[in-house]
Structures are given as structure tokens and as C-alpha cells.
């Protein structure tokens, strides 16, 4: 009888946990709700959060987390400003621009410590080094993503207004058609996504030459966690975010060590059914290379300063006009380490 009662009680506890409840000292306490807005659609770029949810890491931290996928028509800064999320994933150029425009975002953790952005070129265009860029058309993402490229061209002394001594900039959409159709010699790609779209379309790695912005010294920080500045005045919110960061980094550690399983978890959460197993597993492998190592989630102040300097270098089309103040904090990350 006692065994039956024990099993019944265990089942009841499991049901309670599944409903987002914690049992502390025999009392049911509602888990703290957290809504995170992703920067893009459900894919391995965000595997750590889906893994943390799937493996119960958030639940163990006393959190009931809702993960909201993004897309081309969703701007995370607007979502959090409108109260639609507690924390968002954004790239630092976008976050700093939003801060200057009145949405006071603060970086509380930096998940990717390397940039995945690069320029991918066709070798048959005649490009074998950056010195060959002049006279060619290059595909560039805009809406804040153009600044690493513009900084790089400025460093190289290459004009971006066309002509034999300059490059013609093609505003690139969310596809790689320009390089496939030879409308551009090079296009913007991410190491974990668009580059492989080019490969899957028929070109081989031998057909291409890539230039990583990270290697050119003009990379800006990408996937970071941001909250509103006023929220950090609430100790309860800081505690909640510290638990969220701790559990999320645990999810990222698990995803890095188990990339195949992590990709499967992402696929299970893809409500659109648009993602493929091949692409997600390949993406997870590349994403793992961008993560921090010993101090996962820690924002390196030097990398922050490099990002700011890159953004300020484009005086003609600045994404920010002055050095930000209060745009990041280690408070949440430090607190998470002590949990």
C-alpha cells in the first residue's frame, strides 16, 4: 500500500510541476513567468532556450518560460517596448540604435561571443582577395546589418558608390538569389544559415571564398539578451533574470555537447514545419562555434567597445551618434554564477 501511495504522490508532484507549479516546503507556489522574444524564426540559432525548456532546466529554476518565435515582420525592441516580452534576443547594433531612439535596452548576457556574419563570394567572379572587390557588385543586408561591411570598406579605402575603383552595393533581401543568379559577385551570409543555402543550391565550397567579419576586425556582437533598463531597478526581476540566464546557459551547454539531440528538439518546436533535419543539425554545429567557452553568456567589455567603435566609424550613415551609457550590465550574469 505504501508503495502505491508513494507512486500516486510522485504522479501528483509531476502533474503539479508540469502545470508550472513548484512544491516548496509542501506549499504549491506558482512559477515565475518569463516571456522571451526571439530575433528570428524557430531554428538552431536559438537551440539553447528550447533545450532548457525541453530538459526542465527552466522548471527547476522556478520559471514558466514562453518562447516567442520572430520573423521578418517582428522587431524584438518594439515587442519588449510594448510589453510583449520580458527579455529579447537582439544584435547589438539594433539594440544600441533602439536605445538611442528611446527604447532603453540593456544587455544582461552575451550568448554569442563571435560573429557569424561574413561575405561569401564566387571565385568565378575573379575575386581572390579583398583587393579584387572594386568594380564588382556586392550584396549587403541593411537595417543595421550594413555597418560592419561599411566599416570594412572604409578600412580598405574602397568607395561604396560604384565605379571602377569602388563597389556597387546591392541591398540584399533575405535570400541568396543575387549570387546564384550572378547579380552580385558576393552576398552577405551567416556561417550557420545562408552560406549553406548557397551550397544546397548547387555551388560547392570550392566554388566560393568567404571573408568573416570577425577576421577583418569589424564584427559587431550578435545574439545577446536584452531587457528594459527600468526593469533592473526591481530586485525580484533581477533575481528572475539571473535564474533565466543560469538555466538558459545550462541549455546552451547541453546543446553544444549534444548537437544532434538539440537540433531534434528545435524541430519538435517548429510549428511551421519549414525546417529540415539536415539544415538544423548543420546549423547547430556552426552555432556551437560562436558560443563563449569558460564564461558562457559573459559580455566582454572589449568586444562591446569594438562594436561601438565600428558603429561610430560610419559618420555618413551612423547607426548611433554617440557612445552609449548604461547599455550593459554584469549584475544579472554575476548573480547567476552564484546560484
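Bear in mind these aren't lab numbers, they're just calculated from the coordinates by the rules spelled out. Since this is a predicted model, take the numbers as computed values, not measurements. Quick reminder, even Gly has a Cβ in these numbers, built from the backbone with ideal geometry, and neighbours come from all protein chains shown.
Tally the DSSP beta bridges in the chain and give the antiparallel ones as a percent, rounded to 5.
Among the beta bridges of the chain, antiparallel pairing accounts for roughly 65 percent.
Peptides 47-55, 71-79, 189-197 ranked from most to least packed by the mean count of surrounding Cβ atoms within 10 Å: 47-55, 189-197, 71-79. Helix 277-288 and the longest principal axis of the C-alpha atoms of the chain enclose an angle of approximately 90°. The C-alpha radius of gyration of the chain, expressed as a fraction of 2.2 N^0.38 Å, stands at 1.09.
The angle between the Cα long axis of helix 2-18 and the main principal axis of the chain comes to about 40°, on a 0 to 90 degree scale. For the chain, the longest principal axis of the C-alpha atoms and the axis of helix 235-257 are separated by about 70°. Protection proxy ranking, highest mean first, for peptides 143-152, 156-165, 169-178: 143-152, 169-178, 156-165, where packing is the per-residue count of other beta-carbon atoms within 10 Å, averaged. Pairwise Cα distances in the range 58-207 exceed 28 Å in 33 percent of cases.
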